[in-house]
Structures are given as structure tokens and as C-alpha cells.
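Data first, discussion second: the structure below is written as C-alpha cells.
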4 protein chains.
Amino acid sequence: MHTFRERRLQNFLQNYQHRARLVISCPDRPGIVAAVTSFLYEQGANIVESSQYSTDPEGGMFFLRIEFDAPVIVTRKADIEKAFAPIAETFQMNWRFRLHNDLQKLAIFVSKEEHCLLELLWEWQAGELLADIAVVISNHEYMRESVESIGIPYYCIPVTKERKGEAEEKQLALLNEYKIDTIVLARYMQILSPEFVAQFPARIINIHHSFLPAFVGARPYERAYERGVKLIGATSHYVTDDLDEGPIIEQDVARVDHRYHPEDLKRIGRIIEKTVLARALKWHLEDRVIIHQNKTIVFN
Amino acid sequence: MHTFRERRLQNFLQNYQHRARLVISCPDRPGIVAAVTSFLYEQGANIVESSQYSTDPEGGMFFLRIEFDAPVIVTRKADIEKAFAPIAETFQMNWRFRLHNDLQKLAIFVSKEEHCLLELLWEWQAGELLADIAVVISNHEYMRESVESIGIPYYCIPVTKERKGEAEEKQLALLNEYKIDTIVLARYMQILSPEFVAQFPARIINIHHSFLPAFVGARPYERAYERGVKLIGATSHYVTDDLDEGPIIEQDVARVDHRYHPEDLKRIGRIIEKTVLARALKWHLEDRVIIHQNKTIVFN
Amino acid sequence: MHTFRERRLQNFLQNYQHRARLVISCPDRPGIVAAVTSFLYEQGANIVESSQYSTDPEGGMFFLRIEFDAPVIVTRKADIEKAFAPIAETFQMNWRFRLHNDLQKLAIFVSKEEHCLLELLWEWQAGELLADIAVVISNHEYMRESVESIGIPYYCIPVTKERKGEAEEKQLALLNEYKIDTIVLARYMQILSPEFVAQFPARIINIHHSFLPAFVGARPYERAYERGVKLIGATSHYVTDDLDEGPIIEQDVARVDHRYHPEDLKRIGRIIEKTVLARALKWHLEDRVIIHQNKTIVFN
Amino acid sequence: MHTFRERRLQNFLQNYQHRARLVISCPDRPGIVAAVTSFLYEQGANIVESSQYSTDPEGGMFFLRIEFDAPVIVTRKADIEKAFAPIAETFQMNWRFRLHNDLQKLAIFVSKEEHCLLELLWEWQAGELLADIAVVISNHEYMRESVESIGIPYYCIPVTKERKGEAEEKQLALLNEYKIDTIVLARYMQILSPEFVAQFPARIINIHHSFLPAFVGARPYERAYERGVKLIGATSHYVTDDLDEGPIIEQDVARVDHRYHPEDLKRIGRIIEKTVLARALKWHLEDRVIIHQNKTIVFN
């Protein structure tokens, strides 16, 4: 299956070798787009996609994501950043240039449920998940074979209530070793400590197996069954200290009826979960998601 | 527009003049379907639709809804019911025969939001809502003209906190006068008293403007906005004493994103609300909804 | 019901009194966005929404739609257009400024099916269809009362095969009299002549009762029934000389199954048709739809 | 990953060891359900699910699928069939009893596109596809490793225009050898000969990468792109001699817009294809699909 991945990745890298993006957050005021696009024009960039959002034209925040082609960007990224700095300062911007081919390094955390991990592995093998899956970390041995058989390192770090801190230390050591950019909790059923979360702000993505804010917490399918809902859902969100309360990136639902027992809801739910997580992760990897006041702006 | 309604209603009544349905709930045990269908066969009935559900084949409850054509049913319904009684007793059935052409009498309650009422009126005029809208009751004058112009009586009964009981008395008098079978709360923003609800068990249908159990209570769209959900929804349910906790009949959702302000969510929500309410009401009117332990079995 | 419309329209006009939009098509090349946004900035405009699309960054066409707030635009639109002309010439632009409060004049054409017309009338009354429904034209008398009762002129112009030209002349006279911008064929079951269509290029919107290109032409629901499809749909498109071949603006589908007879498909289909048509029309009215090579770019 | 499959399959087989189903087609007339359910009652069967459909209560065809629990069925299936034969004859029935645990043997045909095969393999490993995947046959070597690594035999039989008959002979030999019940064309891009198809009537399931009947034949995504549709779809159907004209089992769609190039449509389409094929196959395997006049009745 590697051949798919390699072929598609090769295509991608070649097609987008001059592609980059610029993502900006700043207080809204007139002239931002004019200043940014004039700058890009002067660098010889051709804008291929542009998205913006203003929370309030008067006194709100402004968010901008621009994708552009510019041969110069690959070779002289640092120079361009330096040239852009004064504009950024004028408008008090948070900003970042990123090359399209600069793939993020992922760590996938998983427990016993395999479907989300397998979906990400399959999309990665198919060349559709444009990231570098650097490592899979689990508190069980279950998936080792599936993961190692395609050449990705797998670490089993058991987690017990008493020695959770110890486990997190080992995890953090691995995350540093592999220089991880983004952590994906692919149905990893453990709660991370605030200290752990603090080290990866807006860089840990979880999939919750309910349509939040319905059924926050444990056993959402059982509770959906008991309440007799007619749709079940899944929610992908950034992890914060508040359980299941982080900024929502994506949600979806599927129709169910009185005939579905909790086991059936779980079966249907697995398809929603893996699909929603994969979508959210892709948007994150393409810098399409901006967090603002515990909500997300998604430029998809 | 009356012409549509009359033409379609005429067609319907003629097409289905020999159609009836039998709805049964009883403890599950072998032989129920055989007994019921043998009985119907002996009456010369031809079954055209049959739905059943068992909560648990061993020791659970069994639910059955059969639609059939039988010329005899129109003229001798009472005789057939009498003949069926011994079978019903054997199996400890709750049961009811209803003629397809025996339309229910509806009262629609409404406040200031017009969309749900107008949808029901439009479907009724189009001959697609097979019921007799006997009366519209509101705590405001807003819709009088729309309702009266198509020949439906409209009563404005103002409701104040202090004199709620008085208002409910007037409402109940009207409901008796018009021999109402089912009450539809079409965005009627008042909470009914337990005494009122008790008079219409499983006969009051509400539309809540959120995807329950998310955002129970007031201002769901504002709270959906604040939480940053990516889908909003509506829920139609039977009214019980617990606010927004009654058995859910139907739900649906629509996709939204960061650009939608609360006003936009309300606008989108109106379309979901009216659609969901109309679907739930139709199933109820066709005896397709059975309540069991605060959940619904919907044979649709 | 007028009160809803007036209240919401009043709100709208006041909220958006300084809002305008600029829509541009031109050959793609670097510098367009910079030039346009710099110009708007110089006019004191604050961009609130911007969408763009390039068919091909190298040698393709470029499309841009910008919404902005600018107090000056209302009072000095002509001056601003004059000032923009040189930029437009430089980039060979097709372009247009339009004030948000400059509502288009609509003519709705209808035959015997009422649902699409009623949906548009209802949205218009609810203040959600921001246009001026100037006139309804039908080849039947059916809807006169519904339309006139809310104060919109209704003309019945019968159409026969032999005297179609005559009917179209009368229609054109009315369209001129009412200074119509856009024609909506709300299930108007007549085919317009090429001469008629030529007078309203990209300004006639039709709703076809199938998921095009499946079931082009007559009796789509009957053919969908015969083929046994599991989803039925509707398509809103601009009218061109080729029947059902014009640029598609919007489509949607609903699930059906073996139990649905053609009459049921029509009933379900009516809901899809009216929803799809209303969506397409709104996007058109907000200049969100651009036609390019018999396809549409929709900035929604 | 085998552990998942084995665990779930074990659960399944144990839970459903007394479960069987009876599927019937016959001319409609009163008394069928009564006769069948009385028979089942006499055998000590408890009905757990029952679905029926009549094309026309007067003179049409009648279809019935009953799932029931009956300890006797496992040990004395032949006796029960013998006892049922006279009833079947009375009503001119086509009929079949099947044990729930009597898994069908599948052959999956595949070419170069891997997504449908991998989805089926994944669902099979997860214990959610209740069948015995006996063999995978391809005209390429691409998937050998993926398939053999989980213990399923893989045969590469190259197909050329000139020697197609020869290839089909080899395929048929394998199908016989493995006693195949159902063939799944999981994006197998070859057209089977009428002779081949005739050997597996209603037992070959294909996935077509469009929303049929739109885009019958080759290159559907390219043609969808050219037409500018706003939804793309996939269709799973039984294979007959008419290309893409066989009875449709299931269809679904996904929303696209002007930004999607053919490559993007293919990417989105892959998700629809694999989902639709998996759903259709499951219904087929559970005898929920009945073919009638080139359409399907699906009791799902």
C-alpha cells in the first residue's frame, strides 16, 4: 500500500512546491487586506485562495488566511518574514507563514478502539492525510502489529490512576524526541493532566463520541439510548482543561431509531467519529482553523 | 387555495375509504402476530402495511401497527372491536382500531413566531396534513388575520404570570368545546401547568428549538452561538411535566459555521423547526408513534 | 403578516445602509486583489466579506466578490464607479458595484403547482427574501387570490401552442412595465422561446424537479419511480436555450424507498424544490452567483 | 487486528445461534401473513422482526421477510422446510429459510483503486461484515500484500480485450472452487460478459461512481465536473447485462462546489463509494434486498 502513499505524496509535493499560506489575526480596522495583498504582490505571489472573517467590523477581531503561489517563498522564507514584520507590527498581527510542503509531525494516541486510528492510517497510506505520522502511543498493546507493519513506531505506555504522572512524563519524552507538532487523541480514553495540555496549546485534537454539548463525559451512547434521541453524533475539538469543553472544530450526526441498541449506536457512531476526526485534523493541518474565545473559525 | 385542499382531501378520503389501522402494545410472547393476522383475515381484511417492534424477545414489550383494507370496517367497526376483545384479553393488549378517514381535531397554540403555524396551515391547505385544524389559540393577536382568512377560528387569550390559571381555564374550555384530540405547540412560548398537561397525556406535541438534550430551556440559539457548535437542530417531543424532557418524536439538524450570528441561527432554525414539527405531527396523526418508557417507537 | 415583513425589512435596511458589494471577473494575474482592496481602503471602505476563485492561477479567469461598509457609497456611488474605472480597465474587468439596499425587482412565473410560489411569498412576507416581488404571471387563474390578498399584482396570460408568441409578447410588456430584473420560474411548466430567453441572459432562474442531469425533461418523478432510485432531487439553474442544460446554481436530494409511489415522490419533491429554489434565488439576489462556461461559481 | 474480528464474530454467533429468517415473494392475496405467522408459532418461533410490502393490494406482488428465534430451526431446518412446503404451494411462494449464522462466501473483485476493498476488509476485520471473504481476485498485483497479510487468498488474473474469455474461465473456476455465493465488484473496472453474469443472477453487486442514472458509463467524475453539478454520488446495484442499468440497492451523495477539480471529486467520491457499497452489501447478506422488475425492495 506504500506505493499509493508515495505516488500521491510525490505528486502533491511537486504540484505545490511553490505554495504557501499566511494566517493572520489582528484587531479589525480598514486597510489590512490592502496592505497584505500589496505586500504579497510585491513579492511576486499569486493569491489562489483567500478567506477572511471579522467578528465585528467595528472594534472586533479580524482573521485572514491567504494561500498563494510564489517561487521565492521556498528559498527565501526568512527574508520574506523579515520584510513582512513591519506591516504585522503596524496592525498588531499574530501571523505565520507556512510552506505547503512543510508537513506537520503527528503523534496519535489510542486505547482499545481501533477505528479512528485505522482511518487515519488508511488516509495517510492513501496519500490523503498530508502529515508525517511520527509515532503512535497507546496504553495497550492491541494495535502494535497494525501500526508497526506499515513502518510507524508504536509505544505502549500503560496508564494507571496512581502513576499517571509517570506515564505522562514518558509520553512527553517521546513527543519531544519525535518533535511532535500536533497530538491526535483517536479515542484515547484517558484524561490528560492540565500540565500536559498546557504544553500543547491548540495542538491536541480530540474526538468525542457525542454531539456536544449533549452527553458531555462518559458513556454518551448509553445515555443517548436512554434519552431516545433520533440522531447521534460526534464532535472533534481542541483539548483544554475543561473536559469536552474545548473549541469545537467539526461535528456530524447520523440518523437512528428505536430499533438501535447501545451496541448499534456505537457501531454507527464509529463511522461518524472517524470521519469527523479526519476532517477536523485535515483542516487543522492546513491551518484552516483559528481559535477565538473558545470557538473556532474554520476557513474550509 | 382552498381548492387544493378540497381536491386532495376528496381524493384521499375516496382512496382510503376502506382503510383502517390497528395499533397494539402488549407483553411479548409467541403467537401474537399469528392471532392478530388470522383475526384480520377472517374479517376479510387485506394487510397493506405492518410494523412491529419488541424491546426484548424474552420478557419485553411488543408493539404492532397494522394498516389494512376491509370494506366491512367502515360500517361495522363496533362489531369488529367486539369480536377482537377476547384476543386482546388473552394477550393483555392495549389496542385501538382507527379508520383512516377519521381525522383528528387539532388545536394549534402559537405566540409571536409565525413560521411553524404557517407551515402547518400551508400543508393543511395543500391537503398534506390530514387533520381537522379546529382552532388556533394564541396569547397574542398577531396571526389573527392569517388564520381567520382561511376560515379557521382564532382566539387570543393573553397569559400573564399572575393569571396563568385563568388563561388555562379559558383554553381548556375551548379545547372541550372544539372536542380537540391533539394540541400542537407551534412555538408557543408558555409553559403549561402539570394540571393542564395531565388532561392531554401523549396528546400535546411541542417543537423545541434545539437538538435536545443539548440546550434544554431558554435561548437555545444564543447558547449554541456561544458554544460554537457546527450544527444546530430542532426537536419535536411530547409534552410532559419535565420541561423539554418528554419523549422525542423527531429531530433534525442543519450545518452552520463561524459566520452565523444568533439571528442567522434563528433564521436557519426556523426551517428545521417547521419541518421537524410537521413530520412529527403527521406520524402522530397516523398513529405511527408509540410511547414506551419516555421514548418513542416510530413506525415510519 | 405584513407586519413581519415590514419590521424585518426596516431592520435590514437600517443595518445595512452603508453596505455595498463589488463583483469582478477578469483574466487572472498577480496584483488584482491588492489593487482592488487598496482602492476600497482609499474610499474609507471596511471589507466585511471577501470571496475569490481562480480557475487556474496560470492563464485562467479570476472572480472576486467583496462586501464592504462605506458611508460614502450611498451618496456618491457614481463618483466611486468613475474612480474605479481605470483600475478595471487595467485588469480587463467585468465589474459591478451594487448597494445592499438596492433591492431587485422580481417577476414570478407560475402554472398550477403552488408550492414554490407560496414558499417565496412566505419568505418575502417573513422579511427573508430581500427583493421586491413586483408581479406574478401565470397561465392559470389558480393563485390569483393568494397573490392579490397580499398586495402583489397577478396577471393571467393563457399560453397555447399556437399563440405562444402572442403570450410572450404580453409577458414581455409586463416585464418592461414593472422594470423586472430577475424572472423566477416557480414550476412554470412552459418552455420559453429563445427570443424571450435572450432578453434576460443569466436573469431567469428555473427549478427543475429532478437531480440533473438525471431525468432531463418531462415527468422526472415518474421516471425516477420506474428506475427505482433511492434518492430524488431538485435542481435550480439559469435558463438557457438548451432545456435543463443551463448553469446549475443549487441542488439537493431526499431519501426515498420502494414504498414511495410517484405521488409520494412528488410530495417529497415539493419540499426539496421550494427549498432549493429559495436558496438559489437568494444567492442570485446577493450577487453571489457568477456564471462561467455554463457552470456557476457560488460564493456562499 | 484479527482479535477484533474473532471476538465480535464469536459474540455474534453466540447471540444469534437460534436466529433465522424467512423471505417470501408471492402474488398478493388475503391470508398470507396469517398463514405464515401461524406456522412459525406452531414451530415455537418468536418473531423479532417482520417487514412486508405489497406492490398493489389488488392483484400485485407481495413480499415478506421475517426474522425469528427458534431453537428448533438449527437442528431441524430440513424438517421445517418440508413442513412449510404445502403452505408455500398454496400461495405460490418463492421462499427461503436461512440461518443467521450461515455466513455467505464472498469473492471481491478489484482493479487498481483500493478504497472499496480496504473498507470491506476493515469492516470484516472489525467483525461488522458478517460474511466469509473467501477470495480476492484482481487483474493487477497491487493489493496482494494487503490481502494476503490478513490471511485471505489473492489471485491476479490479468484481463486483456483479446483474451477476456480466458480470464473469465479462470475466474469462474476459482468461484466454483471457493463455492462463492456473492461477488462484489469493488471498483473492478472490467465489464463482465453476459455469460458470466448469467451464472450469478442477483448475486453480483457493483459500485458505480455516480448518482445513477446521471453519468452512466465511463469517467463520471470528469463529466460531473464538466456539468457543474453541486452534489456527486455513488450507486450500488446488482449487475445485469445492461451496463449500469441493474436494480439499484443504495445511493448516496456529498456536496461539492465550484472549487472542486476532478481529482477532488474523486477523493470525495471514494468515501461515498465505499460507504454505499458496504451498506448495500450488508443488506444483501442479511437477505434484506428483493429484486422485483429491475427495482429493489430493501427491508432495512
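The values are calculated or read from the model by the stated rules, or taken from the named source; none is laboratory data. All of these numbers come straight from a predicted model, not from anything done at the bench. No Cβ is skipped: glycine too gets one built from the backbone with ideal geometry, and neighbour counts run over all protein chains shown.
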Would you tally the residues in the stretch B:201-220 being touching an Asp or Glu at 6+ places or on another chain (Cβ under 9 Å) and either away from every other protein chain (no Cβ under 14 Å) or over 19 Å from B:ARG270 (Cα atoms) (or both)? 3
Just for the stretch A:235-257: of the residues that are among the aliphatic types (A, V, I, L, M) and within 11 Å of another protein chain (Cβ to nearest Cβ), which one is farthest from A:ASN300 (Cα to Cα)? A:VAL256
I need a count of the residues in the stretch B:230-256 that are in contact with a Ser or Thr (Cβ under 9 Å, 6 or more places away or on another chain) and over 30 Å from B:GLN293 (Cα atoms). 1
Name the strands (runs of 3 or more DSSP E) wholly within the stretch C:181-300 that hold at least 3 residues that are closer than 24 Å to D:LEU212 by Cα and at pLDDT 95 or above? C:204-208, C:231-238, C:248-255
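Anything in the stretch C:254-285 that is of a type in the set (Val, Ile, Thr) and touching a helix residue (DSSP H, G or I) at 6+ places or on another chain (Cβ under 7 Å)? List them, or say none. Don't jump to the end; show me each part of the working.
Of the residues in the stretch C:254-285, the ones of a type in the set (Val, Ile, Thr) are C:256, C:268, C:271-272, C:275-276.
Passing the criteria: only C:VAL256.
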Taking the conditions exactly as written (away from chain B (no Cβ under 13 Å) and either touching a helix residue (DSSP H, G or I) at 6+ places or on another chain (Cβ under 9 Å) or not aliphatic (A, V, I, L, M) (or both)), does D:GLN92 satisfy them or not? yes
Would you call A:LEU192 more than 23 Å from A:PRO262 (Cα to Cα) and crowded, with 20+ Cβ neighbours inside 10 Å? yes
Please find, within the stretch A:148-197, the residue that is farthest from the other protein chains (Cβ to nearest Cβ) out of those that are among the charged types (D, E, K, R) and under 24 Å from A:LYS282 (Cα atoms). A:LYS179
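Here's the yes/no breakdown for (1) β-branched (Val, Ile, Thr); (2) within 18 Å of A:ALA34 (Cβ to Cβ):
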{"position": "C:TYR16", "(1), (2)": "no, no"}
{"position": "C:ARG19", "(1), (2)": "no, no"}
{"position": "C:THR37", "(1), (2)": "yes, yes"}
{"position": "C:GLN52", "(1), (2)": "no, yes"}
{"position": "C:VAL74", "(1), (2)": "yes, no"}
{"position": "C:ALA78", "(1), (2)": "no, no"}
{"position": "C:LYS82", "(1), (2)": "no, no"}
{"position": "C:HIS100", "(1), (2)": "no, no"}
Among the candidates B:GLU123, B:GLU145, single out the residue that is at pLDDT below 90, surrounded by fewer than 19 Cβ atoms within 10 Å (Cβ to Cβ) and within 14 Å of chain C (Cβ to nearest Cβ). B:GLU145
Residues within the stretch C:215-230 that are surrounded by 22 or more Cβ atoms within 10 Å (Cβ to Cβ), without any contact (Cβ under 8 Å) to a residue 40 or more places away in the chain and at negative phi, tallied: 3
Residue hits (the stretch B:1-21; at pLDDT 80 or above, in a helix (DSSP H, G or I) and within 13 Å of another protein chain (Cβ to nearest Cβ)) are B:ASN15
Taking the stretch A:119-160 and keeping residues under 20 Å from the mean Cα position of the chain (by Cα) and charged (D, E, K, R) leaves A:GLU119, A:GLU123, A:GLU128, A:ASP132
Return the pair list, or none, for Cβ contacts closer than 8 Å from residues in the stretch B:176-201 that are closer than 22 Å to B:GLY217 by Cβ and in contact (Cβ under 8 Å) with a residue 24 or more places away in the chain to residues that are part of a loop (DSSP other than H, G, I, E, B) and of a type in the set (S, T, N, Q), at least 6 apart or on different chains. B:ARG187/B:SER111; B:TYR188/B:SER111; B:TYR188/B:ASN139; B:MET189/B:SER111; B:GLN190/B:SER111; B:GLN190/B:ASN139; B:VAL197/B:THR240
Hey, C:LEU212 touching a residue at least 24 places away in the same chain (Cβ under 8 Å) and buried (at least 17 other Cβ atoms within 10 Å of the Cβ) or not: yes
Check A:ILE133, A:ILE137 and return the single one that is part of a strand (DSSP E or B) and either more than 28 Å from D:LYS112 (Cα to Cα) or acidic (Asp, Glu) (or both). A:ILE137
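Out of the residues in the stretch C:261-285 meeting the condition of being closer than 30 Å to C:PHE97 by Cβ and not aliphatic (A, V, I, L, M), tell me which one is farthest from the other protein chains (Cβ to nearest Cβ). Steps first, answer last, please.
Applying the first criterion (closer than 30 Å to C:PHE97 by Cβ) to the stretch C:261-285 yields C:276-285.
Okay, now just the ones that are also not aliphatic (A, V, I, L, M), so C:279, C:282-284.
On the way: C:ARG279: 10, C:LYS282: 11, C:TRP283: 11, C:HIS284: 14 Å.
Within the stretch C:261-285, the match that is farthest from the other protein chains (Cβ to nearest Cβ) is C:HIS284.
What number of residues within the stretch C:45-65 are polar (S, T, N, Q) and more than 7 Å from every other protein chain (Cβ to nearest Cβ)?
Step one: of the stretch C:45-65, the residues polar (S, T, N, Q) are C:46, C:50-52, C:54-55.
Applying the additional criterion that residues be more than 7 Å from every other protein chain (Cβ to nearest Cβ) yields C:51, C:55.
Total meeting the criteria: 2.
If you scan the stretch D:90-105, which residues turn out to be in a loop (DSSP other than H, G, I, E, B) and of a type in the set (A, V, I, L, M)?
Answer for the stretch D:90-105, where residues must be in a loop (DSSP other than H, G, I, E, B) and of a type in the set (A, V, I, L, M): D:MET93, D:LEU103.
Of the residues B:PHE62, B:PHE12, B:PHE39, which single one is touching a strand residue (DSSP E or B) at 6+ places or on another chain (Cβ under 8 Å) and aromatic (Phe, Trp, Tyr)?
Details: B:PHE12 fails: touching a strand residue (DSSP E or B) at 6+ places or on another chain (Cβ under 8 Å); B:PHE39 fails: touching a strand residue (DSSP E or B) at 6+ places or on another chain (Cβ under 8 Å).
Only one candidate qualifies: B:PHE62.
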Within the set of pairs 6+ apart or on separate chains, which have a first residue in the stretch D:151-168 that is assigned by TED's automatic domain parsing to the domain that holds D:VAL135 and hydroxyl-bearing (Ser, Thr, Tyr), a second that is assigned to a loop (DSSP other than H, G, I, E, B) and surrounded by 14 or more Cβ atoms within 10 Å (Cβ to Cβ), and C-beta atoms under 8 Å apart? D:TYR154/D:MET143
Assess whether C:PRO194 counts as being farther than 24 Å from C:LEU118 by Cβ and more than 17 Å from the chain's Cα centre (by Cα). yes
Do we find that B:ILE24 is under 29 Å from B:LEU185 (Cα atoms) and either within 9 Å of chain D (Cβ to nearest Cβ) or not in a loop (DSSP other than H, G, I, E, B) (or both) in this structure? yes
Within the stretch C:106-118, identify whether any single residue is surrounded by 17 or more Cβ atoms within 10 Å (Cβ to Cβ), in a helix (DSSP H, G or I) and more than 22 Å from the chain's Cα centre (by Cα), and answer yes or no. no
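If I filter the stretch B:35-42 for residues that are surrounded by 15 or more Cβ atoms within 10 Å (Cβ to Cβ), modelled with pLDDT of 90 or more and not in a helix (DSSP H, G or I), do I get at least one hit?
Quick first cut of the stretch B:35-42, residues surrounded by 15 or more Cβ atoms within 10 Å (Cβ to Cβ) only: B:35-41.
Applying the additional criterion that residues be modelled with pLDDT of 90 or more yields B:35-41.
Then drop every residue that is not not in a helix (DSSP H, G or I), which leaves none.
No, the conditions are met nowhere in the stretch B:35-42.
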